[in-house]
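Note sheet for the following structure.
Every read-out reported here was derived from the displayed coordinates using simple, explicitly stated rules and does not represent laboratory data. Given the structure is predicted, the values throughout are model-derived calculations rather than measurements. Glycine gets a Cβ as well: all are built from the backbone with ideal geometry, and neighbour counts include every protein chain shown.
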Amino acid sequence: MDKTHALQVGDAAPAFVMEASGARKVESAALKGKPYVLYFYPKADTPGCTKEACGFNEALQDFEQAGLTVIGVSRDPVKKLDAFASKYNLTFPLASDEAGNVTEAYGVWVEKSMYGRTYMGIERATFLIDAQGRIAYIWPKVKVSGHVEAVLEQARNLGCTG
């Protein structure tokens, strides 16, 4: 675990309320008693983020059968998330954290570097939250290939079945 992630396995997951794609609202309080996957991605409709979102969407039935809800989070506005969801037929909620409160609470708003330029952005990371609202597993600095399968396997291994 690197120092940018203040959260540790076993910690209470930070509370959140966010507007999401499809005129939905996602709230941690409404998920109480249910395990869920909260994955953070840098920007909607970019290659890595599209691959990750489509991967979660393709495996959505498996996650649901395991009793889990999947929620994607970026700092994109809801309008962009709606377009992204529509373009790729994504059926799970894509939440908008435009103000950055949730990305900061989860420790994924970090300094990044590209082509010699530093800037603030979302570090791709995933959190598996158990039915008690505690962090069961953290994947920091996610590499997209094989990630969805790893999350699903970990969820099944932990017995996250609602």
Between Val17 and Thr46, how many nm apart are label points set 7 Å from Cα along the C-beta direction?
3.0 nm
On a C-alpha basis, how far is the centre of the range 2-44 from the centre of the range 90-162 in Å? Whole number, if you could?
8 Å
Ranked Leu90, Leu31, criterion: other C-beta atoms within 10 Å, fewest first:
Leu31, Leu90
Gained length - Glu111 relative to Leu158, 0.36 nm times residue gap less alpha-carbon distance:
13.7 nm
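Quick one: net charge around Met120, please, counting Lys, Arg +1 and Asp, Glu -1 for every other residue with C-beta under 9 Å from its C-beta.
Residues close to Met120 contribute a combined charge of 0.
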Excluding same-chain residues fewer than 8 positions from Lys141, which aspartates and glutamates have a Cα within less than 12 Å of its Cα?
Asp2, Glu123
Kindly state, to the nearest 0.05, the FRET efficiency for Thr118 paired with Val144, given R0 = 25 Å and r defined as their beta-carbon distance.
0.65
Leaving out same-chain residues fewer than 8 places away, which aspartates and glutamates sit with a Cα under 19 Å from that of Lys80?
Glu19, Asp45, Glu52, Asp97, Glu98
Once every DSSP H run of n ≥ 4 in the chain is given -39500 (n - 2.57) and the sum is divided by its residues, what mean residue ellipticity at 222 nm do you get, rounded to the nearest 500 deg cm²/dmol?
-8000 deg cm²/dmol
When a/c reaches 1.5 or more, the comparison of a/b and b/c decides; with that in mind, is the chain rounded, prolate or oblate per its Cα gyration tensor?
rounded
Past 26 Å, Cα to Cα, is the threshold; run Lys25/Lys87; Lys32/Lys112; Lys51/Lys79; Lys34/Lys87; Lys43/Lys87; Lys34/Lys79 against it and keep the listed order.
Lys32/Lys112; Lys34/Lys87; Lys34/Lys79
Only Lys, Arg (+1) and Asp, Glu (-1) charged, at Cβ; the range 17-157 dipole about Cα centre in debye:
200 debye
